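Comments concern the structure below.
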Amino acid sequence: MKFDDFLNQAWNDHATQANQVADKLSNGINLIENSEQIPQLAQLITHVFGEHLGRWEDGVHVLNKLKLIPSFEKSSESEKAIIRSVASLELASEKKQSIEDLSASDQIRVLAVAASALSEQKSPEKAHKFFQEALEKAQVGIQKEDPANRALAVAGNNLACSLEEKVDRTSIDTELMILAAKTGRKYWEIAGTWNQVTWAEYRLAMTYLKATDLVQALEHSQTCLELALENASPSLEMFLAMKHWRWWKGHAAIRLAFLKP
């Protein structure tokens, strides 16, 4: 099997077969043909062992195996990707207390990934803390081309999605959910395309719906539809935008009527 085929299959299966995929990830290391493929697998290893399983030490162990293959190059982006991934898992598990030895950009990326993992592992207070720290560091000023922008956009989207699906959301969860969706929207504007911004508006609408803020949900669903129309969005995305806008408009009108004094 080629590396790309293995990676695609693992991403397809990981959500429903996380443990099985985790057990096979070491095999994927043997399929790596060049240094550029190392960060791709490191991302998947961190995601599966962190967000899905909370198996922090196992994840670090597999990540360190990446340094032993012939394609590994010291002082390359591949090594930096491994360092960031290990730091995210160790920070989430409290094995690592400080990441000040990393660059500002890498600190933001590590904190964002750790926050996503902790949210999935039912540690909302720590997730909120790390996510806030990432945002505070980003306020100091990062360039538009800095990968930290995309990391914050992805983390915001993932956090919001995860918390929307949570049945027993606390007030802290809801606060983090809204912050995450807003962050995703802000940083997709910087690091993404109009299509990703459109979906970020969709995410905000869903988040506010789950937070029972129907006014905001309707507003963002309207913006989502407007962006889709403005950019001649593909038919599926247009259908989803129109479907949810119509549903929210009718649903919100009914709910708001009952809330009026």
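All of 138, 134, 148, 114 fail the test of being over 27 Å from residue 53 (Cβ atoms) and at pLDDT 90 or above, apart from 138.
Looking across 212, 183, one residue alone is crowded, with 18+ Cβ neighbours inside 10 Å and among the polar types (S, T, N, Q). It is 183.
Conditions tested, residue by residue: (1) within 23 Å of residue 147 (Cα to Cα); (2) at pLDDT below 95; (3) not aromatic (Phe, Trp, Tyr).
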residue	(1), (2), (3)
6	no, no, no
20	no, no, yes
30	no, yes, yes
38	yes, no, yes
49	yes, no, no
52	no, yes, yes
64	yes, no, yes
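Summed over region 168-205, the residues that are over 16 Å from residue 217 (Cβ atoms) and part of a loop (DSSP other than H, G, I, E, B) give a count of 4.
Against the test of being touching a Ser or Thr at 6+ places or on another chain (Cβ under 8 Å) and at pLDDT below 95, the options 85, 75, 98, 71 yield a single qualifying residue, 71. Annotation: of all residues in region 21-49 being polar (S, T, N, Q) and touching a residue at least 40 places away in the same chain (Cβ under 8 Å), the one that is nearest to residue 11 (Cα to Cα) is 43. In the set 105, 93, which member is more than 16 Å from the chain's Cα centre (by Cα), modelled with pLDDT of 90 or more, within 20 Å of residue 80 (Cβ to Cβ) and of a type in the set (Ser, Thr, Tyr)? Just one listed residue meets the conditions, 105. Out of curiosity, is residue 180 out of contact with any Lys or Arg (no Cβ under 6 Å at 6 or more places or on another chain) and either of a type in the set (Gly, Ala, Ser) or without any contact (Cβ under 8 Å) to a residue 24 or more places away in the chain (or both)? For residue 180, the condition - out of contact with any Lys or Arg (no Cβ under 6 Å at 6 or more places or on another chain) and either of a type in the set (Gly, Ala, Ser) or without any contact (Cβ under 8 Å) to a residue 24 or more places away in the chain (or both) - is met. The test for being modelled with pLDDT of 90 or more and farther than 21 Å from residue 112 by Cβ holds for residue 210. Tell me, yes or no, whether region 169-177 has at least one residue that is surrounded by fewer than 24 Cβ atoms within 10 Å (Cβ to Cβ) and within 15 Å of the chain's Cα centre (by Cα). Looking for residues that are surrounded by fewer than 24 Cβ atoms within 10 Å (Cβ to Cβ) and within 15 Å of the chain's Cα centre (by Cα), one finds none in region 169-177, hence no. Restricting attention to region 137-167 and to residues that are in a helix (DSSP H, G or I) and over 13 Å from the mean Cα position of the chain (by Cα), the residue that is farthest from residue 197 (Cα to Cα) turns out to be 137.
The values are calculated or read from the model by the stated rules, or taken from the named source; none is laboratory data. Source: prediction; values computed, not measured. Every residue, glycine as well, gets a Cβ built from its backbone with ideal geometry; the counts of neighbours run over all protein chains shown.
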